[in-house]
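The values are calculated or read from the model by the stated rules, or taken from the named source; none is laboratory data. This structure is a prediction, so every number in the text was calculated from the model and none was measured. Cβ atoms come from the backbone with ideal geometry, glycine included; neighbour counts cover every protein chain shown. In case anyone asks, the SASA skips ligands and DNA or RNA and just uses the protein heavy atoms, side chains included. Shrake-Rupley method; radii C 1.70, N 1.55, O 1.52, S 1.80 Å.
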Amino acid sequence: PLGDGVSGGFLARVTALAVFNDGSGGGPALYAGGGFTNAGGVAANNIAKWDGAAWSPLGADVNASVGALTVFDDGSGPALYAGGAFETAGGVAASRVAKWDGQAWASLGSGLQGVSFPRVEALTAFDDGSGSGPALYAGGFFASAGGLPELSIAKWQGCASDAPCPGDTNGDGLVNFTDLNAVLADFGQSGMGLPGDTNGDGIVNFTDLNEVLAAFGTSCD
């Protein structure tokens, strides 16, 4: 057994597994997604991490079941992607698909919508040889992806690493409140590698804030 396993309700279950190294120094860990509220005695809604000795949650709640997990690099580094029936992940609006970078959740544009009870049931990374590099493919039960008509399968390219979006602090291809909050959280701080330092000059100030505000609501082409 993996500790006390997962629990929470008559239909508690695990429906997806993936291995991911979140960069915290502990090496690769096993991630489980499904429909549960507890993992190893720890509150963990629908997704949890097993490090070989104990379970832990991934930030705040994923508010409904997770049906698919995979690891994908959109150009900003490898991350864990989750798909399911949820509408929020870590308090961030994320319609049926979300990205976990080891520290925080982020949405993939406006996500997937349409039909009754839309959900993602499969995720995988694939390079179709077109020259644009690997992309994330989602399959399930939905009628639109990012506002475009897509019946049950869709492709997410993200931003190419050589064509970043101005103001996009987390590399999810969309400038939104997640990026604004990153700048506000780091505002006034200095040092390299700060998430809110959009222009990479080593300090988070009004230049970074203005860059996010100017690009707010836009996405990578």
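Counting only Cβ charges, +1 for Lys and Arg and -1 for Asp and Glu, the dipole size of the chain around its Cα centre is about 840 debye. Over all orientations, the chain has a Cα convex hull whose mean projected area works out to 12.7 square nanometres.
Dividing the helix sum by the residues of the chain, where each DSSP H run of 4 or more adds -39500 (n - 2.57), gives a mean residue ellipticity at 222 nm of -2500 deg cm²/dmol. Could you state the accessible area per residue of region 97-178 in Å², with a 1.4 Å probe and every protein chain left in place? Ligands and nucleic acids excluded, the figure is 48 Å² per residue. Solvent-accessible surface of protein heavy atoms, probed at 1.4 angstrom with all chains present, puts Leu184, Leu112 in the order Leu184, Leu112, largest first. Within the listed set Ala98, Ala85, Ala54, the residue fluctuating most in the Gaussian network model of the chain (springs between alpha-carbon atoms under 10 angstrom) is Ala54. Once the Cα atoms are used to define both axes, helix 206-215 deviates from the longest principal axis of the chain by about 70 degrees. Of Gly40, Gly25, Gly52, which is the most mobile in a GNM of the chain whose springs link Cα atoms less than 10 angstrom apart? Result for the chain, Cα springs under 10 Å: Gly25 fluctuates most.
Using a Förster radius of 30 Å, what is the FRET efficiency between Ala122 and Ala93 based on their Cβ-Cβ separation? Nearest 0.05, please. Plugging the Cβ-Cβ distance into 1/(1 + (r/R0)^6) gives 0.85. For region 1-72, applying the loop criterion from DSSP together with a ceiling of 10 other beta carbons within 10 Å to the chymotrypsin sites (Phe, Trp or Tyr not before Pro) yields Phe10. Ordering Asp197, Asp4, Asp73 by accessible surface, largest first, gives Asp4, Asp73, Asp197; the 1.4 Å probe counts only protein heavy atoms, with every chain in place. Atom-type composition of the exposed protein surface of region 14-67 places 53 percent of the accessible area on carbon and sulfur (1.4 angstrom probe).
Using a 10 angstrom cutoff on alpha carbons, build the Gaussian network for the chain and name the most mobile of Leu17, Leu194, Leu136. Highest fluctuation of the listed residues: Leu194. Between the beta carbons of Gln103 and Phe216, assuming R0 = 25 Å, the FRET efficiency works out to 0.65 to the nearest 0.05. Over region 50-205, Cα pairs under 8 Å with separation of 6+ residues give a relative contact order of 16 percent.
For the chain, find the longest principal axis of its Cα atoms and tell me its angle to the long axis of helix 177-186, 0 to 90°, nearest 10. On a 0 to 90 degree scale, this one is about 70.
Ordered by 1.4 Å accessible area with all protein chains kept, Ile47, Ile153 run largest first as Ile153, Ile47. In terms of overall dimensions, the C-alpha atoms belonging to region 25-130 reach 42, 33, 20 Å along their principal axes, ordered largest to smallest.
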